[in-house]
Amino acid sequence: MKGLKKIALATAVAAMPFAAHADLKALDDTSMGNVTGQAGVTIELETEVSIGEFRYTDEGYLAVNDIYIGGGTVERDGSGVVTGVSGLLDDLQIDIDIEADGDAVIDVHSISGAPIDYAVGVGSASLNSTDGSGDSTLLASNIGIEGALAQLNIRVDTATDNLIMNVGFNVTQMDMDIDFLGVNVRDMAVMGAGFLETGGAVDPADPATLSNAYAFATITVGKGVNSAGNDALAVSIPSFNADIVVGAVEIGGASIGSFQVDNLSVTNTEMLIYGH
């Protein structure tokens, strides 16, 4: 948490002149000219997050319990129950700039230049009634996801009013129990579309080989119009390519085998989200 403490201290120091001088004055043209063309803001961050429960309520509700976000690995007890993560989400640097056309550009990358490792643990996800019956369904439990983030660029585009995200990531280890089906997934990985052919080989001198170890996608989020002519949240994914490997699928506690998906390609995806 040292990075957060530094940010809090810097914020407090920066706020002191405003507390001391309550009379604010408008900047003249010369002063405004000195403000433009600055270098933007950089944030160095390390953190670990835990959430006791996230709940979405319609009539009944969906509850997601015991959420842990950090780095390293997902920690479990002797029974396989998720108990936390082993490290911080760190080595993280965020550069924020406002360009001349008004676009906000946020670049998330590591300080060291290496991919940013992450770990996410979730205790359980369940559907629950509110009609007094006490009915509930445990959808999934003991979800652990580990991997690395190679790229995250975010742009708020003033010409289109869209949020545009370019992301490159992988999942090196994912385990989960799908309780309501009696199925467990073990040793699942989501890698780049060239992973199975090359074994994930990456040449630092050749950026093109990053697609072996990392899946890349561009995601555009903005306002759209649904079939009834009303506003909706529009999500567009022009392309997403990945290799998927599952080490074991268990039914009744016994493995029924493994499988892999080579060169999965999802293209021209358009989605509208709205209430009903």
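The values are calculated or read from the model by the stated rules, or taken from the named source; none is laboratory data. Being a predicted model, the structure only gives us computed values, none of them experimental. Positions of Cβ are generated from backbone atoms using ideal geometry, with glycine treated the same way; all protein chains shown enter the neighbour counts.
Things to note:
- Test for ASP231: is it under 26 Å from VAL185 (Cα atoms), among the charged types (D, E, K, R) and more than 22 Å from the chain's Cα centre (by Cα): no
- Test for ASP107: is it of a type in the set (D, E, K, R), part of a strand (DSSP E or B) and farther than 30 Å from ARG76 by Cβ: yes
- For MET176, the criteria (1) outside any strand (DSSP E or B); (2) within 20 Å of the chain's Cα centre (by Cα) hold in every case but one, which is (1).
- Among the residues listed as ALA193, ALA150, ALA140, the single one being surrounded by 18 or more Cβ atoms within 10 Å (Cβ to Cβ), among the small types (Gly, Ala, Ser), in contact with a strand residue (DSSP E or B) (Cβ under 6 Å, 6 or more places away or on another chain) and modelled with pLDDT of 95 or more: ALA140
- Applying the criterion of being in contact with a Leu (Cβ under 9 Å, 6 or more places away or on another chain) and in contact (Cβ under 8 Å) with a residue 24 or more places away in the chain to the residues of region 123-139, the residue that is farthest from ASP58 (Cα to Cα) is SER124.
- Considering residues of region 199-236 that are of a type in the set (Val, Ile, Thr) and surrounded by fewer than 15 Cβ atoms within 10 Å (Cβ to Cβ) only, the residue nearest to VAL249 (Cα to Cα): THR218
- Region 233-261: number of residues that are more than 30 Å from ASP161 (Cβ to Cβ) and of a type outside the set (Gly, Ala, Ser): 11
- Test: residue in region 69-79 that is touching a helix residue (DSSP H, G or I) at 6+ places or on another chain (Cβ under 8 Å), assigned to a strand (DSSP E or B) and either in contact (Cβ under 8 Å) with a residue 12 or more places away in the chain or polar (S, T, N, Q) (or both): no
- Selection count where residues are among the aliphatic types (A, V, I, L, M) and not in a strand (DSSP E or B), scope region 208-258: 5
Conditions tested, residue by residue: (1) of a type outside the set (Ser, Thr, Tyr); (2) closer than 30 Å to ASP161 by Cβ; (3) in contact with a helix residue (DSSP H, G or I) (Cβ under 9 Å, 6 or more places away or on another chain).
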| site | (1), (2), (3) |
| --- | --- |
| ASP177 | yes, no, no |
| GLY194 | yes, no, yes |
| THR198 | no, no, yes |
| ALA217 | yes, yes, no |
| GLY224 | yes, yes, no |
| ASP231 | yes, yes, no |
| ASN263 | yes, no, yes |
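- Taking the numbered list (1) crowded, with 19+ Cβ neighbours inside 10 Å; (2) under 29 Å from ARG186 (Cβ atoms); (3) not polar (S, T, N, Q) in turn, LEU92 passes all entries but (2).
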